[in-house]
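Enquirer: Once you've had a glance at the structure underneath, I'll fire off some questions.
What follows is calculated from the coordinates using simple rules that are stated; it is not laboratory data. Note that the structure is predicted; figures quoted are calculated from it, not measured. Using ideal geometry, Cβ is built from the backbone for each residue, glycine included, and neighbour counts are taken over all protein chains shown.
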Amino acid sequence: MNTHKRWIKDSIHNTRLVSEQAAGVEIRSLIHNKGSSNDTHDFSAQIYIDGVKILRVENDGKGGDNYYHRSKHSRMPSSSTAWVKKHGSIAIEAYSQNFYHKLIDIAKRYCQSERWYEYEEIRLKEQTIYGEEEVDFAYLDILVGALVNEQLTLKDMSKAIRNRIHIIDTEANDNGGFLYSTNKRPTDIHLANTKKVLKGIGKHFDYILMNELDETTQLKLWLTIA
């Protein structure tokens, strides 16, 4: 393993993406209004589990809980559609409930693993004032918020990397790394020239051209050192 790969691996070893921890859950069709987002995000989106649209979620950005609406399964996987048609509306409801419960289970496990304080707070309320459905949505609010944050961060990062060449100085901050952008757009010519420059000074300094890394690695580094 070369020096750069080893540094990247060590740097992002403890950086876990929400989308990896909640594998199977996706936020799609995200519409976000930054200007009216105050204590919470002002947004709307569709929630998918294993490729199936389960819920529509929205928040007005004023600090309240998310609002959830059940989705009609107009885009069921073809392997399931025939079975559902054969068995009728009861099967459709069972199909929906299975995916819904899987979604809640993933949200609960995420909270238990990554948001322990909030998880315990919800459990305490569960024993006093919360009903079962309120508990489900309390867990889901946390997971959805984390996924939305990750998707917005990815959008901002992608725009930045698309517009400018980004370089990591791996020796800065006691080898913790420092990310900075140049004033050059990442055209083929500019990238080639940058690589030549970095190669020339590589005897004295250690730099990584972030634009050439895969998106997942870029995001983990962005979250870790940016």
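Enquirer: Could you please report the charge total around Thr40, scoring K, R as +1 and D, E as -1 over all other residues with beta-carbon less than 13 angstrom from its beta-carbon?
Expert: Counting the neighbours of Thr40, the net charge comes to -4.
Enquirer: Taking θ as phi - 60°, what are the ³J(HN,Hα) couplings along segment 216-224 by the Karplus curve (6.51, -1.76, 1.60), each to the nearest whole Hz, with x for Gly and Pro?
Expert: Values, residue by residue: 5, 5, 4, 5, 5, 5, 4, 5, 8 Hz.
Enquirer: Something else about it: How large is ³J(HN,Hα) for each residue in segment 3-8, as worked out from phi by the Karplus curve 6.51 cos²θ - 1.76 cosθ + 1.60 (θ = phi - 60°), to whole Hz, x for Gly and Pro?
Expert: Computed from phi, the couplings for segment 3-8 are 4, 5, 4, 5, 5, 4 Hz.
Enquirer: Tell me, what ³J(HN,Hα) does each residue in segment 38-55 have, in order and in whole Hz, if you take phi through Karplus 6.51 cos²θ - 1.76 cosθ + 1.60 with θ = phi - 60° and put x for Gly and Pro?
Expert: Result, rounded to whole Hz: 10, 6, 9, 6, 8, 7, 9, 6, 10, 9, 10, 10, 6, x, 10, 6, 10, 9.
Enquirer: Find how many whole Å separate the alpha carbon centroid of segment 1-47 from the alpha carbon centroid of segment 156-190.
Expert: If we compute the Cα centre of each part, the gap is 19 Å.
Enquirer: So if each residue of separation counts as 0.36 nm, and I subtract the Cα-Cα distance between Ser158 and Ser29, what length gain in nm does that give?
Expert: Here the segment from Ser158 to Ser29 would lengthen by 44.7 nm.
Enquirer: Another question about this same structure. What does the net charge come to around Asn66 if you take all other residues with beta carbon closer than 11 Å to its beta carbon, with K and R at +1 and D and E at -1?
Expert: Computed value for this residue: -3.
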